[in-house]
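The values are calculated or read from the model by the stated rules, or taken from the named source; none is laboratory data. Worth saying up front: this structure is predicted, and the values here are computed from it rather than measured. Quick reminder, even Gly has a Cβ in these numbers, built from the backbone with ideal geometry, and neighbours come from all protein chains shown. Protein only, heavy atoms only, side chains kept; ligands, DNA and RNA dropped before computing areas. Shrake-Rupley method; radii C 1.70, N 1.55, O 1.52, S 1.80 Å.
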Amino acid sequence: MTSLKSESGSTEKHTFVYDVIVVGAGFAGMYMLHELRKIGLNVLVLEEATGVGGTWYWNRYPGARCDVESMEYSYSFSNELQQEWNWSHRFSTQPEILEYANHVADRFDLRGHIKFETRVNSVEYEAGEKQWLLRSSSGEEFYGRYCVMATGTLSSVNQPKFAGLDKYQGDWYVTGRWPHDGVDFSGKNVGIIGTGSSAVQAIPVIAKEAKHLTVFQRTANYSIPAKNRPLESNEVDDIKNRYAEIRKQARENRAGIASMKPGLNTAMSVSETERHDEYQRRWDEGGTGFTAAYSDIGTDDTANFTAAEFVRDKIKETVNNSVTAELLSPTNTIGCKRLCADTDYYETYNRVNVTLLDVNVDPIKGLVKEGVQTENNVYEFDIVIFAIGFDAMTGALLSMNIKGKEGLQLRDIWSDGPQSYLGLSMAGFPNLFTITGPGSPSVLSNMMTSIEQHVEWIRDCLSYMEAGGFREIEPKPSAEERWMSHVEEIAANTLRYTCNSWYVGANIPGKKRIFMPYAGGIPPYREKCDQVAASGYDGFNIS
Ligand code: FAD
Ligand code: N01
């Protein structure tokens, strides 16, 4: 393997030259760095944060934890790592996941190759030199023959744009950018806007501490009890003994989760009693595997209604106040928005210090000095929390002003929705790769499974390029178009377009309504990626 220009350039000019520049030091960027170093490339990772962990560095709100079981929401690439690390809970907390990310960085000697506190805000292809120039917000320049975007799909926060925010005199926080030293809610009147996964995790914890918590809901969400618990040593030992088999099962599961166990029957092919028992069994088991009970919950209205109705009944059983229960009962199809997993979410609304408000009935006008002003009221708060999500999948990429060949701006090319070949690479942007990009299973899967698959594919592709002495790889526009039509065709045959989810960009005003991830599942997707590689990168131009 030869590596060109592999020495660092002059630090005096603040210009750095590498084989590969990776942006982002979350789980994707860390593993990419590890694999590229293994094949002898000179790599630098640029990261805006002061530490590794990405999602788990930024999202420190109370109650934050994973909802894919920790034994599976972890790297599989090193058996030593998975044998030595001990998760405490079925679904571990953000601090524990961040500790794991830090452990990985130290164990694999990654830190020395990551430049922290470096936000990339310009990325430009120099076609003559066949290299990428990345500029940081402080003006430093970094050159790489290849560029890998490990910038995350849920990393660009949807910043609150409510009128009057600057006039509000209390404290306010965004879940995706939570302060590192925590927030003291005791004795405080707190308002929270949003009822997605972040809020569903935070609300029960904050309610226990605050004097009063007021929840502003725009759309009710389905949530399944996580049934989180400490892991027993015998079950950990059992999983560790069978890790190779479990990881293989994960790679063969459509969502990348071995414990998912998808039902093979269609919902209406079984009796009502059998169906109810199966939903109850999955409800008791806990977690988001609930909607995998029948094969057609995601594609058939009638099947979907049976699962949705089961959850609505549970909400009505749990929540004492019938008006609140009705308001918490979602009316859209289940699984259209990302399913939440909770600990005591619905139960929390039985507390006397929690109030639920419907912003569809009394819309938020903005913030005033005392708190939140709606059409009909002013609600006074000491603290307001914005749990309003992310500019998902495209936000982080578009915020970097990526400019490809002949001055092509990614922002222009994606103005009608993202275009990508396999969610890995874009026509007009040679030698640039995206990990878990739009057009790949990404956010519809255990992200660890998808991240590892993408990283390994990119590593192999760069090995191929280096071994063949090639300088440039770029998808053919025709291959990209065919792939995106396939992505759209698969999504159109599901119930994915039946609600206003962030999967279709509906949470960001003006964003084109396109279902962004690939809904066909990991196995066919992996097969396609493997075929492309095995055929000498079919669908790509290589020179
Ligand atoms: P990220 O972790 O988002 O890391 C991207 C990194 O890139 C960040 O550190 C960011 O600072 C950096 N970056 C971005 N842009 C720039 C720039 N311009 N310049 C410099 N640095 C930049 N997935 C699951 O599969 N299971 C779960 O249980 C789960 N739970 C989640 C819980 C929360 C609260 C959230 C928000 C997401 C969750 N996800 C979950 C999705 C999660 O994002 C992924 O699992 C995974 O952590 C993504 O890793 P990543 O490295 O791809 O991206
Ligand atoms: O964000 P969201 P999130 N006025 O977009 C509301 C992952 N994650 O941070 O539905 C009033 O889901 C918005 O309302 P609506 C997971 O993939 C995982 O909670 O658009 N309300 C919605 O209720 C997840 O899906 C975990 O009508 C406004 C909420 O804010 C993804 O990250 C935990 C509003 C935003 O919900 C994002 O989750 C956390 C406005 N102007 C996150 N704007 C796990 O458990 C938005 N809303 C693993």
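If we keep just the residues of segment 185-201 that are open to solvent by less than 30 Å² (accessible area, probe 1.4 Å) and away from ligand 2 (no atom under 11 Å from the Cβ), which is nearest to the chain's Cα centre (by Cα)?
Only one residue fits best here, namely G191.
Restricting the first residue to segment 104-115 and requiring it to be in contact (Cβ under 8 Å) with a residue 12 or more places away in the chain and in a helix (DSSP H, G or I), which pairs with a second residue that is surrounded by 15 or more Cβ atoms within 10 Å (Cβ to Cβ) and not aliphatic (A, V, I, L, M) meet a Cβ separation below 6 Å and a spacing of at least six or different chains?
A105/R111
Among the residues of segment 205-215, is any of a type in the set (D, E, K, R) and either under 20 Å from P363 (Cα atoms) or in contact with a Leu (Cβ under 6 Å, 6 or more places away or on another chain) (or both)?
No - not one qualifying residue is present in segment 205-215.
Can you name the residue in segment 320-371 that is part of a strand (DSSP E or B) and among the small types (G, A, S) and, of all such residues, is surrounded by the fewest Cβ atoms within 10 Å (Cβ to Cβ)?
The qualifying residue surrounded by the fewest Cβ atoms within 10 Å (Cβ to Cβ) is G366.
Condition test on A210, is it open to solvent by less than 20 Å² (accessible area, probe 1.4 Å) and away from ligand 1 (no atom under 16 Å from the Cβ)?
Yes: the conditions hold for A210.
Against the conditions (1) open to solvent by 10 Å² or more (accessible area, probe 1.4 Å); (2) not in a loop (DSSP other than H, G, I, E, B), where does Q419 fall short? Just the number, please.
(2)
If I go through segment 129-150 residue by residue, how many of them are touching a Gly at 6+ places or on another chain (Cβ under 9 Å), open to solvent by 30 Å² or more (accessible area, probe 1.4 Å) and within 11 Å of ligand 1 (Cβ to nearest atom)?
Residues flagged as touching a Gly at 6+ places or on another chain (Cβ under 9 Å), open to solvent by 30 Å² or more (accessible area, probe 1.4 Å) and within 11 Å of ligand 1 (Cβ to nearest atom) within segment 129-150 amount to 0.
What tally of residues in segment 222-231 results from selecting those that are out of contact with any Leu (no Cβ under 8 Å at 6 or more places or on another chain), assigned to a strand (DSSP E or B) and within 16 Å of ligand 2 (Cβ to nearest atom)?
Number satisfying all stated conditions: 1.
If you scan segment 30-46, which residues turn out to be surrounded by fewer than 24 Cβ atoms within 10 Å (Cβ to Cβ) and within 12 Å of ligand 1 (Cβ to nearest atom)?
Within segment 30-46, L44 is the sole residue that qualifies.
Could you pull out the residue among N265, N241 that is of a type outside the set (F, W, Y), more than 25 Å from the chain's Cα centre (by Cα) and under 20 Å from R90 (Cβ atoms)?
Sole residue among the options that is of a type outside the set (F, W, Y), more than 25 Å from the chain's Cα centre (by Cα) and under 20 Å from R90 (Cβ atoms): N241.
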